[in-house]
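Undergrad: This is the structure I want to talk about, given as structure tokens.
The values are calculated or read from the model by the stated rules, or taken from the named source; none is laboratory data. Keep in mind the model is a prediction, meaning the values are calculated, not measured. Backbone-built Cβ (ideal geometry, glycine too); neighbour counts: all protein chains shown. Note: accessible area is taken over every heavy atom of the protein model, side chains too, but ligands, DNA and RNA are not part of it. Shrake-Rupley method; radii C 1.70, N 1.55, O 1.52, S 1.80 Å.
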Amino acid sequence: MRILVIEDETAIADFVQRGLQAEGYAVSIAGDGIEGERRALHDDVDLVVLDVMLPGRDGLAVLSSIRRVKPELPVVMLSARATVDDRVAGLDGGATDYVTKPFSFDELAARVRAHLRRPRQRDATTLSAAGIELDLLGRNVRREGVELRLSAREFDLLAYFLRHPDQALSRQQILSAVWGYDFDPGTNVVEVYIRYLRRKLELPGRPTPIDTLRSVGYRLTTRP
């Protein structure tokens, strides 16, 4: 099994690498977010251990890129950010697990073993809700059997909603997950693309399933 550790603190990266190698894994290290993202997307790895605070590219932005390209790849986030909001942001962003620093290596190793034991399901490459079927590998979308033509960003936005059906998602959560933390928080790009997406999801007799929640954000509703 091949594990990629994306961690800029050399002492922690070496500690995790030595420990996981002792467990029998092949472990490589990337010391910044840009290199880590490139290797996670293009190298053949079975699991990623990902720090949140990285130079070059924030860990949550790296996670967002991984989820768009490799939705089934287990990602264990490793971070000194330990508040409930931080953990929620990581898990909502697509992390498989979230471990806070300082941490016990035995616990980290146990979590790694648990996630590597889980078989990768074929249907992990598809998402469905509200009559919508989205193929992450083929990047095809259908609603009630009707094929929809979406731009790359509209596709990523819909995929994020489908990963969190019936959940209230704030504008900031959407911006961070779909556009990345380095995107201007003052932009209205979320509103613009939700408007585009709603138009394409509307079918005769089938209104858009994306609701606006006043003062909260948006929600993909699966119930009639």
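Undergrad: Report, by residue number, each residue of the stretch 189-224 that is closer than 16 Å to residue 178 by Cβ and among the acidic types (Asp, Glu).
TA: 191 - this is the single residue of the stretch 189-224 that is closer than 16 Å to residue 178 by Cβ and among the acidic types (Asp, Glu).
Undergrad: Which residues, counting only those in the stretch 198-221, are of a type in the set (Ser, Thr, Tyr), modelled with pLDDT of 90 or more and open to solvent by 40 Å² or more (accessible area, probe 1.4 Å)? Before the answer, list the steps.
TA: Filtering the stretch 198-221 for residues of a type in the set (Ser, Thr, Tyr) gives 208, 212, 215, 218, 221.
Narrowing the set further to residues that are modelled with pLDDT of 90 or more leaves 208, 212, 218, 221.
Passing the criteria: only 212.
Undergrad: Right, another one. Residue by residue through the stretch 64-85, note down the ones that are more than 18 Å from residue 125 (Cβ to Cβ) and either within 14 Å of the chain's Cα centre (by Cα) or outside any helix (DSSP H, G or I) (or both). Break it down into steps so the answer makes sense when it comes.
TA: Kept after step one, since they are more than 18 Å from residue 125 (Cβ to Cβ), are these residues of the stretch 64-85: 76-85.
Matches in the stretch 64-85: 76, 77, 78, 79, 80, 81, 82, 83.
Undergrad: Kindly list, by first and then second residue, each pair from a residue in the stretch 45-68 that is free of Cβ contacts under 8 Å to residues at least 40 places away in the same chain to a residue that is surrounded by fewer than 19 Cβ atoms within 10 Å (Cβ to Cβ), limited to pairs with Cβ atoms under 6 Å and residues at least 6 apart or on different chains.
TA: Qualifying pairs under 6 Å: 52/81; 56/32; 56/34.
Undergrad: Considering every residue within the stretch 49-62, establish whether at least one is outside the structural domain of residue 176 (by the TED database), among the acidic types (Asp, Glu) and open to solvent by less than 10 Å² (accessible area, probe 1.4 Å).
TA: The initial filter retains those residues of the stretch 49-62 that are outside the structural domain of residue 176 (by the TED database), namely 49-62.
This time we only want the ones that are among the acidic types (Asp, Glu), so: 51, 58.
Checking the rest, the ones that are also open to solvent by less than 10 Å² (accessible area, probe 1.4 Å) come to 51.
Yes: the stretch 49-62 contains one or more residues that are outside the structural domain of residue 176 (by the TED database), among the acidic types (Asp, Glu) and open to solvent by less than 10 Å² (accessible area, probe 1.4 Å).
Undergrad: Can residue 163 be described as on the phi < 0 side of the Ramachandran plot, touching a Gly at 6+ places or on another chain (Cβ under 9 Å), touching a residue at least 60 places away in the same chain (Cβ under 8 Å) and surrounded by 15 or more Cβ atoms within 10 Å (Cβ to Cβ)? Before the answer, list the steps.
TA: Working: on the phi < 0 side of the Ramachandran plot: yes; touching a Gly at 6+ places or on another chain (Cβ under 9 Å): yes; touching a residue at least 60 places away in the same chain (Cβ under 8 Å): yes; surrounded by 15 or more Cβ atoms within 10 Å (Cβ to Cβ): yes.
The answer is yes for residue 163.
Undergrad: Give the residues of the stretch 34-70 that are touching a Gly at 6+ places or on another chain (Cβ under 6 Å), of a type in the set (Val, Ile, Thr) and within 22 Å of residue 139 (Cα to Cα), sorted by residue number.
TA: Correct list: 62 only.
Undergrad: Tell me, which residue of the stretch 25-46 that is in a loop (DSSP other than H, G, I, E, B) and open to solvent by less than 60 Å² (accessible area, probe 1.4 Å) is farthest from residue 79 (Cα to Cα)? Outline the logic, then answer.
TA: First, the residues of the stretch 25-46 that are in a loop (DSSP other than H, G, I, E, B): 25, 31-32, 43-46.
Among the residues that remain, those that are also open to solvent by less than 60 Å² (accessible area, probe 1.4 Å) are: 25, 31-32, 43, 45-46.
On the way: 25: 22, 31: 15, 32: 14, 43: 23, 45: 21, 46: 20 Å.
That would be 43.
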